[in-house]
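Reading through the structure tokens given below for one structure.
The values are calculated or read from the model by the stated rules, or taken from the named source; none is laboratory data. Remember, it's a predicted structure, so these values are computed and weren't measured experimentally. Neighbour counts run over all protein chains shown; Cβ positions are idealised from the backbone, glycine included. When the accessible area is computed, the model is the full protein with side chains, heavy atoms only, and any ligands, DNA or RNA have been set aside. Shrake-Rupley method; radii C 1.70, N 1.55, O 1.52, S 1.80 Å.
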Amino acid sequence: MKEVKIGLVGANWMGSYHSIGMTNVRQAFEDVAPVFEIVADVNEEAANKAARRFGYKRVTTDWHEVIADPDVELVIIATPNFTHAEIVEAAAAAGKHILCEKPMSNNVADSAAMVQTVNDAGVKSLVDFVYTKCPANILAKEMMDSGKLGDFVTFRGEFDCSYCADPATPATWRQKAATAGTGALGDLTSHIISLSDMIVGKKIVEVFASWDTVYPTRPDAKDPSKEVDIDTDDQIYVIMKYEDGRIGSMSSSRVSVARPDSLYYEIQGSKGAVKFELSHINDLIYYSNDCDPKERGYKTIKGNTRNGDYARFCGTDELGISYGDVLAVQAHDILSAIAEDGKVDIDINYGYEVDRILAAIETSAKEHRWVSVDEI
């Protein structure tokens with residue numbers, strides 16, 4: 001079995017989730033295995049916790065040590081958005097393969113430079129669009145591609161979270177444009193774009209957006225006695241046009257009090273439709289006109305061992321896989337690409353295309369007009 005040695009930069013939140021995904025690769029796949037070499041975080045206790053939890057052999061507070069480590073083959077970058085470009089470019093220049101959080105950077109110029117450096121270095125890359133690896137969503141794509149849904153009519157997607165629903169929640173890097181770029185747009189809408197791209201299979205070519213900062217001030221995380229201004233979006237609504245002329249919509253919120261983590265989409269075709277809800281990660285809801293009219297209606301397709309990599313985690317239908325298992329499918333994509341010199345579909349080139357759409361949406365929200373993605 002081929003081993004791939006891992007260096008993690010950013011030990012909190014998504015850094016821990018990516019480590020869970022890598023751990024689950026060991027349980028589900030037999031061709032490649034990650035080896036946890038070194039973890040870096042500016043918070044030494046966070047790095048030490050990751051080492052204890054996942055078995056990273058070494059700990060540092062300086063990400064440069066991860067890049068310089070001759071044993072490290074793959075660098076996972078799970079740091080604030082404004083740091084991605086520097087770390088990715090340094091890793092690629094050192095010949096390291098890359099798993100990077102989305103969005104890739106705070107602006108498309110930095111994203112373009114990242115693409116150039118990675119491609120010039122000839123290293124493998126993956127940008128975190130994990131929901132494209134969910135077996136239910138893979139089934140939705142197969143239904144669309146096979147013509148089972150008929151001609152594409154429209155896509156509606158939303159991603160609502162509650163992590164900022166309390167106005168007393170202190171402001172961190174995610175609420176500041178200098179460090180995050182945007183708010184709900186970059187953090188959440190990016191996932192909806194990836195699902196539209198994957199399942200619909202048509203390019204988004206033009207967008208019109210409006211956004212809102214519901215809570216314009218928050219306590220400062222460094223000093224809660226002080227208030228800081230918030231200059232990123234709490235919620236955003238987008239209308240988009242596809243290359244074939246059809247329209248669709250997306251919305252995202254980080255202040256949705258009733259929805260802690262709710263990703264949803266519905267795709268309508270001329271013959272049928274599908275719906276997905278993250279809280280039922282194993283299920284795809286399907287409607288078909290191809291039946292007796294008296295029997296028409298949505299039905300639930302439960303988790304199924306024939307779909308995607310579901311069977312690697314469950315021996316029977318309906319037993320159910322988790323978010324951590326889907327992360328493992330994504331992690332296996334980059335690990336096996338490194339081990340076998342394969343390709344990754346959601347690589348840094350694809351991440352750049354998502355960043356271009358995000359930039360078009362941001363421009364539209366700021367300038368109150370339709371914006372073509374080709375302008376970016």
Given points 7 Å out from each Cα along the Cα-Cβ axis, report the Lys271 to Ala311 separation in nanometres with one decimal.
2.6
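Local charge sum around Gly320 (other residues, Cβ-Cβ under 11 Å, Lys/Arg +1, Asp/Glu -1)?
On the way: positive: Lys302; negative: Asp283, Asp317, Glu318, Asp325.
That works out to -3.
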Mean-square fluctuation check for the chain, GNM, Cα pairs under 10 Å: which of Leu327, Leu278, Leu335 is largest?
Leu278
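Find the eigenvalues of the gyration tensor of the Cα atoms of the stretch 310-376, then list the square roots of 5 times those eigenvalues as equivalent ellipsoid semi-axes, largest first, in whole angstrom. Walk me through the numbers on the way to the answer.
Working: eigenvalues 256, 66, 11 Å².
That gives 36, 18, 8 Å for the three semi-axes.
Kindly identify the stretch 263-350 as rounded, prolate or oblate by the Cα gyration tensor criterion: order the square roots of the eigenvalues as a ≥ b ≥ c, call it rounded if a/c is under 1.5, otherwise compare a/b with b/c, prolate if a/b is larger, else oblate.
Working: a/c = 2.60, a/b = 1.81, b/c = 1.44.
Prolate.
Tell me what the chain gives for mean residue ellipticity at 222 nm when only DSSP H runs of n ≥ 4 count, each as -39,500 (n - 2.57), the sum divided by the residue total, rounded to 500 deg cm²/dmol.
Helices in the chain give a 222 nm mean residue ellipticity of -9500 deg cm²/dmol.
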Set the Förster distance to 35 Å, then compute FRET efficiency between Asp71 and Ala112 from the Cβ-Cβ distance, nearest 0.05.
0.70
Going 7 Å from the Cα of Asp244 toward and past its Cβ, which residues in the stretch 114-154 have a backbone nitrogen under 15 Å from where you end up?
141-154
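In a shell of Cβ-Cβ distance under 10 Å around Asn107, excluding Asn107 itself, what net charge do Lys and Arg (+1) and Asp and Glu (-1) give?
Working: positive: none; negative: Asp110, Asp355, Glu362.
Cβ neighbours under 10 Å give a net charge of -3.
Based on the Cβ-Cβ distance of Trp370 and Ala177, what FRET efficiency does E = 1/(1 + (r/R0)^6) give at R0 = 22 Å, to the nearest 0.05? Walk me through the numbers before you get to the answer.
Details: r = 23 Å, r/R0 = 1.05.
Once rounded, the FRET efficiency stands at 0.45.
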Roughly how many Å² is the accessible area per residue of the stretch 247-292, as a whole number, for a 1.4 Å probe?
41
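Using 0.36 nm per residue of separation minus the Cα-Cα distance, give me the extension gain between Thr154 and Asn119 in nm, one decimal.
Values: separation 35, 0.36 × 35 = 12.60 nm, distance 3.45 nm.
Result: 9.2 nm gained on full extension.
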Those residues of the stretch 160-188 whose amide nitrogen sits under 12 Å from the label point placed on Glu227, 7 Å along Cα→Cβ
168
Rounded, prolate or oblate: which fits the stretch 52-138, taking a ≥ b ≥ c as square roots of the Cα gyration tensor eigenvalues, rounded meaning a/c under 1.5, else prolate when a/b beats b/c?
oblate
Proximal lysines relative to Lys275, as straight alpha-carbon distance under 27 Å, when same-chain residues fewer than 8 apart are discounted:
Lys102, Lys133, Lys141, Lys148, Lys202, Lys203, Lys241, Lys294, Lys299, Lys302
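Compute the Kirkwood hydrodynamic radius of the chain, taking the inverse of the mean of 1/r over all pairs of distinct Cα atoms, and give it in Å to one decimal. Present the calculation step by step, with values, prior to reporting the outcome.
Numbers: mean 1/r = 0.0467 Å⁻¹.
About 21.4 Å for the chain.
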In the stretch 271-376, carbon and sulfur make up what percent of the accessible area (probe 1.4 Å)?
44
Would you please put 9-20, 37-48, 338-349, 95-106 in order of how densely packed they are, using the mean number of other Cβ atoms within 10 angstrom per residue and starting with the highest?
95-106, 9-20, 37-48, 338-349
Considering Cα pairs under 8 angstrom that are at least six residues apart, work out the relative contact order of the chain and quote it in whole percent.
20
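Would you mind classifying the stretch 188-250 by shape? Square roots of the alpha carbon gyration tensor eigenvalues, ordered a ≥ b ≥ c; an a/c under 1.5 is rounded, otherwise it is prolate if a/b is larger than b/c and oblate if not.
Values: a/c = 5.34, a/b = 2.84, b/c = 1.88.
Since a/c reaches 1.5 and a/b is larger than b/c, the shape of the stretch 188-250 is classed as prolate.
Using a 1.4 Å probe over the heavy atoms of the protein chains, calculate the carbon and sulfur portion of the accessible area of the stretch 140-233 as a whole percent.
Numbers: 2010 of 3990 Å².
Answer for the stretch 140-233: carbon and sulfur cover 50 percent of the accessible area.
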